[in-house]
Every structure is written in C-alpha cells, then in structure tokens.
Amino acid sequence: MPHYDWIIQGGHVIDPKQGIDQLMDLAILKGRIAAVEMAIEKGQARECFDAQGMIVTPGLIDLHIHGYPHVTPLGIDVDHYCLGRGVTTAVDAGSAGCDTFPGFRHFAVQPIRTRLLAFLHISRAGLAFSTRTGNDDPGELESKKLVNASDCVECIEANRDLIVGVKIRLSSSIADQGRNEAFSYQAAQEAAADVSLPLMVHHNFSSVSMEDCPGKMKEGDLYTHCFHGYPNTVLKPQDLQLLACVAQARRDGVLFDVGHGMGSFAWPVAEACIAQGFWPDTISTDLHSLNHEGPVYDLPTVMSRLWQAGMPLQEVIRASTLNPARAIGWADRIGTLEIGREADITVLERNRDPLELEDCHAQLRTLPQRLVPAAVWRNGEPFPITHPKRLPNPECYPSALEWRSKLVVSDPPSGSPPPPRPSGT
Ligand SMILES: [Zn+2]
C-alpha cells in the first residue's frame, strides 16, 4: 500500500527558513508536507514527479498583485497568472476598499484555488474606478470624502482572516493634483497603526517628499515599486548612489518591495541598487490587466530579472517565499517546506536558452538563464502550469517607450558609453 499521495523526487530543494539548499525528496500526504528526506522510495507514493535538474521551493508568494476582476479594471484571472505560474499565495494590493471588500471575499477569494489575501485600500472604493496613475482617469483619492481611517479599521477588524495590511497610492494625478496626498497618507498611517498591520505605499510622481516617504514610514511597512526610474527614484540620478533617507529607512526596518508593474522596474536602477548591496526585501509583480502579457508576465520572470541584475539565486528565492510570509505575519503558515505545513510547493526549471528581456521601458538585457515554472501543488493538489502568449512580447514596447522620456535614470542612448557604475558598499 503506498504510504504517500505524492513524491517529488531528485530536485534541488531550496528552503531558506530551514537552511536547506541541496538535492532532496519531498512527500505529500493528505494535503500536508509529510517528509523531506535524502531519498524516499518511489513505490511509497501513489504518484511521483521527477524533479531531477529542477529547483524545488516553498510555494511562491507574490506580495503585490491585482486580483479583483470584473469589479476593478486592473483585475486579472488569479489562478491563470499566479497559481499557474507557481504562486500559491497572492496578496492583492488595494483593489478593494472598505465599501467593496465584501464582494472581494465573495467573488475574488472564494471561487479560486490560489490563496488570495489582501491589503485594504485606504480609499473606501479601492481601485473600483482607477487604473494606472499618471493618466486623465479619476483616481481613488480625488475627494477627501473617499478616505476614512475608522471605516478602514472596522473593515479590517471584521476580516482579519484575509486582510494583512493597508494600501495607499501616492501619486498627484489620482489625488486632486496632489492636494489630498498628505491627508490620505496620514489617514493610512493611522489606520495601519490602529490595527498593528503594515502599510504598503506606492510612491511616484508624488507631492510627498522622499524624506516623508519612505523617510517617515514605520518598521515593517512596505515601500513598493522600489526600482522605478522616475522622479522619486531611490537613487540620486547624477551618480546612481542610494539616497541617504532610503538607506536610513532600511535601517529603521522599512521593507523594500519590487512591485514590478507596468512602469516600476528599470534595469539600471535595479542593477545600481544591487551593486550597492541594496537588495529588495520582497520580490513582487504588481500583475494587472495592462501588464500580464508583458512586460511583467509572471513572478518567476520577475525573479529571473533580479537574478540577472546580480542578486544570488538563494536570496531571490528567500525574497519570494520566506520574506513575504514574514512581511504579512504569515510565517507560521506559509513560506517554508517544514513537515506538517500545508503542501504549497513550486518546482522551477532553469531554462538555459539565452533570452533578450525587456524592463518596463523596452530597455533590454540578455539573460543567460532564467526560472520557468514546471509544476505546482496548492494544499497538496497539483494545478496545471500556464504560459505567457509571447515572451518577450514586443507588442508592449510602444506603450513602454511612451513613458521612457519621463525617466530620470535610464540606459544611455545606444552608441554612447555605459553609465557610471556605483562603487559597492
Ligand atoms: Zn499595484
């Protein structure tokens, strides 16, 4: 009689929580991780997955996605773009506010297989009528009447099983030309402090200074979109050195999250930060309906970009498993392959076909290798892997180029000498 439901055999297991970084076998029984050993006999399980040559990790966690389709214009099919790419837990970054959260639980969370959690937007409408910042559409902070810290707190208290923090977007274009930004930022900080949960902040083209954000964020708060090249970038554009207030914020315990998105990942910013030892704490996609078929694609593609930019593979995996679990206070449930945990497991292939890959501005790098999802189990059950329609997808280059002129840190025009590389610290 087979003892286990599944064995994942011969893979290179990387589990930063347990300090595992070697070839091992894994067994699943009744939805839980039942064994992690040097060798488990094939005959002991009903089914076996051969992971030879592959990397086996705790189920990936994407800390910033938009997963409230049909109700918000940015919403995506979460199972297709998250679980199908190896992400067993996704955290929605503010698609719902207190007035729209009941629908989020009912229509977004309950019907899907991906574990979906949420940061609650400080705007009571969430992103119901908002898309990307910087356009002429109305934004979620256009009126101060949309912001109420105590209603936000009340909603969080009633939904602590799903809500893991508060979200705000600080961009002048969505806040009555900046007039409501400081007010809303303060309300979001008050709400987060009241419930003792982190505040996730999006901050670009904002009237709020870097000294106030991330400068006045609290320990455990998340500064997302940390590698964008627009005004409010974390680097001094002249010499690509990290801003002193950003380095201080990290020392104060503020967490820096990638939140790649449609405009928030620039190769030269990521490379300069990583060369100075400023790795992101968490790697996330900001997947939404305008970037899911490029330039983001999925979390393994974003992880591959950080690997390419100089972050060691083990750290890339830590920032996509253990660190996000800790950031949302869920490290006792997810982010590791410890025996007895729910069996959320991801298998990644190391694809060694060189690939020319764009950032958000059609700036290109040639990746000698990258991570591609090969298999995934959520709560012990496998889910079919899905693939981007095209990767890379030049169809998204024209809109990417549109925003390139707004960059303060970018690749030099082709033919000119490379930019100065900052010295490591
Ligand atoms: Zn977002």
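Throughout, read-outs are computed from the coordinates displayed, never taken from laboratory work. Values in this document were obtained by computation on a predicted structure and should not be read as measured data. No Cβ is skipped: glycine too gets one built from the backbone with ideal geometry, and neighbour counts run over all protein chains shown.
Roughly what % antiparallel, to the nearest 5, for the DSSP beta bridges in the range 60-327?
On the way: 2 of 27 bridges.
Once the DSSP bridges in the range 60-327 are tallied, antiparallel ones form about 5 percent.
Which residue, V201, V408, V302, tops the fluctuation ranking in a GNM of the chain built on C-alpha contacts under 10 Å?
V408
Specify the angular offset, from 0 to 90 degrees and rounded to the nearest 10, of the alpha carbon long axis of helix 299-308 from the longest principal axis of the alpha carbons in the chain.
It works out to around 80 degrees.
Relative contact order for the range 133-267: what is it in percent, counting Cα pairs under 8 Å that are at least 6 residues apart? Walk me through the numbers before you get to the answer.
Working: 224 pairs, mean separation 28.9, N = 135.
Reported relative contact order: 21 percent.
Could you pull out every residue, at least 5 positions away or on a different chain, whose amide H is within less than 5 Å of the one on M200? Hs are placed 1.01 Å off N in the peptide plane, and Pro or chain starts have none.
V166, K167, I168, L222
Near the amide H of V408, under 5 Å away, which other amide H atoms are found, from residues 5 or more places off or on another chain, if H is placed in the peptide plane?
Long-range HN contacts for V408: Y230.
Could you give the angle, 0 to 90 degrees to the nearest 10, between helix 181-195's Cα long axis and the longest principal axis of the Cα atoms of the chain?
For helix 181-195, the angle is close to 40 degrees.
Return the unpartnered cysteines for the chain, using a Cβ-Cβ cut-off of under 4.7 Å.
If one checks each Cβ against the other cysteines of the chain, C48, C82, C152, C213, C226, C245, C273, C360, C396 turn up with nothing under 4.7 Å.
About its Cα centre, how strong a charge dipole does the range 239-344 have in debye, to the nearest 20, once Lys and Arg get +1 and Asp and Glu get -1 at the Cβ?
Rounded to the nearest 20 debye, it is 200 debye.
Quick check: residue separation of Q186 and R350 times 0.36 nm, minus the Cα distance between them. What number comes out in nm?
Numbers: separation 164, 0.36 × 164 = 59.04 nm, distance 4.44 nm.
My answer for the length gained is 54.6 nm.
Work out from phi, with θ = phi - 60° and the Karplus expression 6.51 cos²θ - 1.76 cosθ + 1.60, the ³J(HN,Hα) of each residue of the range 275-283, listed in order in whole Hz, and give x for Gly and Pro.
Karplus-based 3J(HN,Hα) across the range 275-283 equals 4, 8, x, 8, 7, x, 6, 9, 10 Hz.
When the dipole is taken about the Cα centre of the chain, and only Lys, Arg (+1) and Asp, Glu (-1) are charged at their Cβ, what size is it in debye, to the nearest 20? Don't jump to the answer; show the numbers that get you there.
Details: 37 positive and 51 negative charges, 52 e Å.
Here the chain has a charge dipole of around 240 debye.
Taking 7 Å along the Cα-to-C-beta vector as the label spot, tell me the R390-L23 distance in nanometres, rounded to one decimal.
According to this spin-label approximation, the distance is 4.1 nm.
Taking springs between alpha-carbon atoms closer than 10 angstrom, which of L391, L83, L127 fluctuates most in the Gaussian network model of the chain?
Among L391, L83, L127, the largest GNM mean-square fluctuation belongs to L391.
Provide the FRET efficiency to the nearest 0.05 for the D239-Q44 pair, computing r from the beta carbons and using R0 = 56 Å. Walk me through the numbers on the way to the answer.
On the way: r = 59 Å, r/R0 = 1.05.
Efficiency computed from Cβ-Cβ geometry: 0.45.
Please report the relative contact order for the range 183-263, taking Cα pairs under 8 Å with a sequence separation of at least 6, and give it as a percent rounded to a whole number. Each step should come with its number before you reach the end.
Details: 99 pairs, mean separation 25.7, N = 81.
Contact order relative to length: 32 percent.
Which one, I40, I14, I76, has the greatest fluctuation when you compute a Gaussian network model over the chain with C-alpha springs under 10 angstrom?
Evaluated over the chain, the most mobile residue of the options is I40.
If one puts a single equal scatterer on every Cα of the chain and applies the Debye formula without solvent, what log₁₀ I(q)/I(0) results at q = 0.09, 0.12 Å⁻¹?
-0.52, -0.93
Got the relative contact order for the chain handy, in percent, Cα pairs under 8 Å and 6 or more residues apart?
Values: 1046 pairs, mean separation 77.7, N = 425.
Relative contact order here is 18 percent.
In terms of Cα to Cα distance under 16 Å, which aspartates and glutamates are near enough to K42, apart from those fewer than 8 places away along the same chain?
D5, D25, D50
So which lysines can K144 reach, going by Cα to Cα under 18 Å and dropping same-chain residues fewer than 8 places off?
Cross-link targets: K167.
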